[in-house]
Amino acid sequence: MKIEKQGFIFDARNAKTEKKVCMFTALFKHSSGRIFSSFRVGSRKDSADGNGVIAEFVNESKWDVVFTGFKTEFEGKKGDIKVVELFERKDGGISALLSWFDCSESTKLYDASSDTILPAKLILVDSSDMGRTWSNYRVININLPGPAVTGPVLKILEGYLAFFETYGPEIPGNCSFHTARAIFSEDGIKFDRIITIARHPENALYYWDQRSAFDPDSGKIITMFWTYDRKNERDVEIHISYGNPDTLTWASPVSTGIKGQIAAPIPVSGGMLFCFYVHRHYPGSMRLIFSQDGGKTWRFDKELIIYQSPEKKQKGISGESSYAQYWDDMNTWSFGHPSGILLDKNRLLISYYAGEDVSSLSARYAIVSL
């Protein structure tokens with residue numbers, strides 16, 4: 001592997017205050033070959049002014065911002081758009097799945113006193129001009145606590161899968177639980193069948209921030225998880241699971257042995273599987289690793305560092321933080337949110353956010369030859 005090119009999708013270093021912090025980077029490739037990046041921009045990681053931005057890949061050295069500013073008020077409440085995941089409808093138009101959080105009373109995502117996160121909604125919106133304008137906003141009714149979008153919407157033979165996670169008490173007054181989920185749609189318009197992707201039988205592990213990709217060689221959906229040990233209050237190795245797109249069932253997640261957090265799987269022909277992931281331990285970095293057997297084993301000796309943080313240490317990574325403190329630590333992290341697609345059969349396009357410190361975080365990309 002070799003880095004051919006790297007740069008900025010959106011350079012926040014000289015941006016206005018309300019656009020200084022990029023997060024939740026994502027990539028989408030249309031059947032026409034056009035490529036887009038979506039991400040959240042705001043004044044801080046935990047600000048109430050966050051909104052989605054869409055940029056189009058013009059060439060290997062240039063991105064053009066084509067849209068800023070989704071609707072942020074729903075049911076009379078002002079919110080923060082944290083995640084925008086684009087997908088192609090059957091008519092060739094583009095839809096976006098938005099992760100919206102209610103900031104009318106607080107901007108703090110996690111409340112330790114109630115062990116809950118901010119009220120949230122999953123929202124769909126459509127574009128007929130390749131992301132330049134958006135209309136037909138609608139809330140997906142899931143009736144589950146704390147929904148948040150986690151990774152790309154997948155087109156499979158029978159329809160579409162939108163991935164999300166939930167956190168909170170499923171019965172009022174009970175304890176909060178975490179579950180990795182998806183919701184299925186036959187047409188990409190009406191999403192109405194909720195599927196459980198992963199939940200530990202004893203709720204001892206949380207399978208956070210799943211990222212999924214369809215592997216055409218095996219015919220399976222490969223899903224990877226940032227995995228947290230709730231009892232011992234620390235991260236464990238990235239886990240992986242394989243889904244059957246016909247039955248919409250997933251195997252129990254197993255450890256990859258990779259020490260990291262959010263991990264984006266990128267399948268390539270011949271059983272090759274690349275994983276672009278967050279290595280939060282020192283030296284903090286964004287890394288690309290590959291497997292030659294579909295994710296059973298990994299070539300740690302061939303790992304490629306895409307970005308290395310100038311900070312010597314990231315908070316909370318050595319197990320010194322309590323669960324509640326760990327949520328606060330996340331607001332101090334200065335890089336993350338990997339995404340990746342095949343640019344062509346011999347190259348990957350990957351994206352992430354990073355900056356010298358949390359006050360200015362840019363959306364970045366790299367092109368890697370395989």
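The values are calculated or read from the model by the stated rules, or taken from the named source; none is laboratory data. Here the structure is a predicted model, which means the values were calculated and not measured. For neighbour counting, all protein chains shown are included, and Cβ atoms are generated from backbone atoms with ideal geometry for every residue, glycine included.
Cβ-Cβ distances below 6 Å connect the following pairs, each with a first residue in the stretch 355-370 that is in contact (Cβ under 8 Å) with a residue 12 or more places away in the chain, a second residue that is surrounded by fewer than 16 Cβ atoms within 10 Å (Cβ to Cβ) and among the hydroxyl-bearing types (Ser, Thr, Tyr), and a separation of six or more residues or different chains: VAL358/THR332. Checked against (1) outside any loop (DSSP other than H, G, I, E, B); (2) closer than 22 Å to THR179 by Cα, VAL125 passes all but condition (2). Looking only at residues of the stretch 182-193 that are out of contact with any Asp or Glu (no Cβ under 8 Å at 6 or more places or on another chain) and surrounded by fewer than 20 Cβ atoms within 10 Å (Cβ to Cβ), we find that the one that is nearest to VAL84 (Cα to Cα) is ILE189. Residues of the stretch 26-70 that are under 18 Å from ASP102 (Cα atoms) and in contact with a Leu (Cβ under 9 Å, 6 or more places away or on another chain): LYS45, ASP46, GLY52, PHE70.
Pairs linking a residue in the stretch 163-176 that is more than 22 Å from LEU98 (Cα to Cα) to a residue that is among the acidic types (Asp, Glu), with Cβ atoms under 9 Å and 6 or more positions apart or on different chains, are PRO169/ASP115; CYS175/ASP115; SER176/ASP115; SER176/GLU170.
Which members of the stretch 125-143 meet the condition of being of a type outside the set (Val, Ile, Thr) and at pLDDT 95 or above? Residues satisfying the conditions are ASP126, SER127, SER128, ASP129, MET130, GLY131, ARG132, TRP134, SER135, ASN136, TYR137, ARG138.
Taken over the stretch 251-281, the criterion of being of a type in the set (Ser, Thr, Tyr) and under 23 Å from LEU205 (Cα atoms) is satisfied by SER252, SER255, THR256, TYR277. The single residue among PRO172, PRO201, PRO152 that is surrounded by 13 or more Cβ atoms within 10 Å (Cβ to Cβ) and either modelled with pLDDT of 95 or more or farther than 23 Å from SER37 by Cα (or both) turns out to be PRO152. For the residues THR179, THR196, the requirement of being within 18 Å of the chain's Cα centre (by Cα), surrounded by fewer than 20 Cβ atoms within 10 Å (Cβ to Cβ) and under 27 Å from GLY336 (Cα atoms) singles out THR196. Is it the case, given these coordinates, that ASP192 is within 30 Å of GLY92 (Cβ to Cβ), touching a strand residue (DSSP E or B) at 6+ places or on another chain (Cβ under 8 Å) and at pLDDT below 95? So ASP192 fits the description; yes. Candidates in the stretch 97-117 are the residues that are within 20 Å of the chain's Cα centre (by Cα) and aliphatic (A, V, I, L, M); of these, the one that is nearest to PRO172 (Cα to Cα) is ILE117. Of all the criteria given as (1) under 19 Å from the mean Cα position of the chain (by Cα); (2) within 15 Å of HIS30 (Cβ to Cβ); (3) free of Cβ contacts under 8 Å to residues at least 60 places away in the same chain, the one not satisfied by ALA120 is (2).
Where in the stretch 28-93 are the strands (runs of 3 or more DSSP E), entirely inside, with at least 1 residues that are of a type in the set (Val, Ile, Thr) and under 18 Å from the mean Cα position of the chain (by Cα)? Result: 35-42, 51-59, 77-88.
When restricted to residues that are out of contact with any Ser or Thr (no Cβ under 8 Å at 6 or more places or on another chain) and either surrounded by fewer than 17 Cβ atoms within 10 Å (Cβ to Cβ) or of a type outside the set (Ser, Thr, Tyr) (or both), the stretch 214-233 contains 10.
Taking the listed residues GLY284, GLY243, GLY271, GLY295, the one that is surrounded by fewer than 22 Cβ atoms within 10 Å (Cβ to Cβ) and touching a residue at least 40 places away in the same chain (Cβ under 8 Å) is GLY271, with no other qualifying. Is it the case that the stretch 288-296 has a residue that's farther than 26 Å from SER241 by Cβ and within 21 Å of the chain's Cα centre (by Cα)? For the stretch 288-296, residues farther than 26 Å from SER241 by Cβ and within 21 Å of the chain's Cα centre (by Cα): absent.
Of the residues making up the stretch 51-105, just one is without any contact (Cβ under 8 Å) to a residue 12 or more places away in the chain and either polar (S, T, N, Q) or surrounded by 15 or more Cβ atoms within 10 Å (Cβ to Cβ) (or both), namely ASN59. Candidates in the stretch 133-159 are the residues that are part of a loop (DSSP other than H, G, I, E, B), β-branched (Val, Ile, Thr) and in contact with an Asp or Glu (Cβ under 8 Å, 6 or more places away or on another chain); of these, the one that is nearest to GLN210 (Cα to Cα) is THR150. Close Cβ contacts (under 6 Å, 6 or more residues apart or on different chains) running from residues in the stretch 183-198 that are hydrophobic (A, V, I, L, M, F, W, C) to residues that are surrounded by 20 or more Cβ atoms within 10 Å (Cβ to Cβ) and not in a strand (DSSP E or B) comprise ALA198/PRO253. For the stretch 226-238, the tally of residues that are of a type in the set (A, V, I, L, M, F, W, C) and not in a strand (DSSP E or B) stands at 2.
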